[in-house]
Amino acid sequence: EEGAPGRRGERERSEEAPAERGPGAAFHMFVLMEDLLDKLKLLNYEEEALRRHNMRPLSRHYFALPTNPGEQFFMFCTLAAWLISKAGHPFEQPQEYDDPNAVISNVLSELRSF
């Protein structure tokens, strides 16, 4: 039943390697990061979030490439806390040396309450 339509063909397509999805698939994460950065700039993240914490602006590929996971995680948490507060839910800014599991749990819990 090789020629029969069904689950086998669907499963094979979902398990394709990135190179088999097309030549641009490897760069999709960079496009997403640039879109994220554009949206953050529209929300004035540099003035409202970064200056308050004395942080540098994000590069176009900051989260697309794993360079310094600890720093990237803290930046993610800082931005998540700022966005949650901007949405009208008071949220305490995580500290750099807080337990990562507790921070993510708090962020997810707050997002579920939306």
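The values are calculated or read from the model by the stated rules, or taken from the named source; none is laboratory data. The model shown is predicted, which means the values in this text are computed figures rather than measured ones. For accessibility, only protein heavy atoms count, side chains too; no ligands or nucleic acids. Shrake-Rupley method; radii C 1.70, N 1.55, O 1.52, S 1.80 Å.
So here's what we get for this one:
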{"quantity": "Amide H within-cut-off set for M55, under 5 Å, with H built and near neighbours excluded", "calculated": "none"}
{"quantity": "Translational diffusion of segment 23-112, µm² s⁻¹ [Kirkwood Rh, Cα pairs; Stokes-Einstein; 4 °C; 1.567 mPa s]", "calculated": "92"}
{"quantity": "Segment 23-112: relative contact order in percent, alpha carbon pairs under 8 Å with at least 6 residues between", "calculated": "22"}
{"quantity": "Semi-axis lengths (Å, descending) of the ellipsoid that matches the C-alpha gyration tensor of segment 62-114", "calculated": "20, 12, 10"}
{"quantity": "Percent carbon-and-sulfur accessible area, segment 23-112, ignoring ligands, DNA and RNA, probe 1.4 Å", "calculated": "56"}
